[in-house]
1. Of K30/K88; K88/K170; K119/K170; K30/K153; K30/K106; K30/K119, which pairs sit farther than 24 Å apart, going by alpha carbon to alpha carbon?
2. Would you work out the charge dipole size for region 6-165 about its Cα centre, treating the Cβ of every Lys and Arg as +1 and the Cβ of every Asp and Glu as -1, and quote it to the nearest 20 debye?
3. Compute the FRET efficiency between D55 and D92 as 1/(1 + (r/R0)^6), taking r as their Cβ-Cβ distance and R0 = 25 Å, and round to the nearest 0.05.
4. For region 99-140, max minus min Cα coordinate along each principal axis, in Å, sorted largest first?
5. So what's Rg/Rh here for region 6-165, counting alpha carbon atoms and using the Kirkwood radius for Rh?
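Bear in mind these aren't lab numbers, they're just calculated from the coordinates by the rules spelled out. All values derive from a computational prediction rather than experimental measurement. Here the Cβ positions follow ideal geometry from the backbone for every residue, glycine too, while neighbour counts run over all protein chains shown.
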Amino acid sequence: MGRLTETAQLLVRHAKRSPCDLSMTEHADKLGPPQIRLVGLQIWGHGRQIPEATDYWDGNWLNVTAHCGAMGADVWTSGAIIHLPEIKDWADACEKMYKTLSGDAKLVCMEPELAVEMKMREHGHISMEVSITPDHRTQEHRFEFEIDQSYLKEMITECHHVLAAYPIRKGNR
């Protein structure tokens with residue numbers, strides 16, 4: 001997971017510069033399985049933005065490709081848009097929600113391209129809203145899903161696998 005494929009390098013390189021220049025759907029099959037998957041949301045980790053950085057801020061940015069799709073709509077974004085502590089906070093909140101069948105869990109990213117909000121409803125049902133965009137200045141895309149608590153366990157494990165592959169760096173916080 002730590003080594004970028006040629007296609008992933010292309011996606012990451014072009015995503016911030018010019019999202020319209022590259023049809024990401026053409027390359028989806030070359031990305032392999034996503035590291036995090038929850039209904040219509042998939043996230044592929046490609047490595048740290050600055051591999052040599054050991055501090056908390058610069059050392060924890062993860063290059064990703066994210067996709068969300070449902071009923072004929074597909075939205076892709078890519079780049080260093082997730083800070084690893086954001087994945088940890090989301091996984092921790094999902095674990096609490098899974099155990100208590102109450103509360104909410106959010107993937108709150110500092111970068112505006114991706115956000116996930118999950119709220120526990122009655123009988124273990126969860127409403128999930130994904131906001132995703134390749135260009136936050138000109139686009140907004142929102143997907144709504146209804147899932148139940150059984151979806152959380154695997155997603156929590158997947159988040160922990162990402163964090164094991166890319167441990168959070170704590171230096172010079």
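1. On the way: K30/K88 27 Å; K88/K170 13 Å; K119/K170 30 Å; K30/K153 27 Å; K30/K106 29 Å; K30/K119 33 Å.
Check vs 24 Å cut-off fails for K30/K88; K119/K170; K30/K153; K30/K106; K30/K119.
2. That gives a dipole near 100 debye.
3. On the way: r = 22 Å, r/R0 = 0.89.
Calculated transfer efficiency: 0.65.
4. Answer, in whole Å and largest first: 38, 16, 9 Å.
5. Radius of gyration relative to Kirkwood radius: 0.96.
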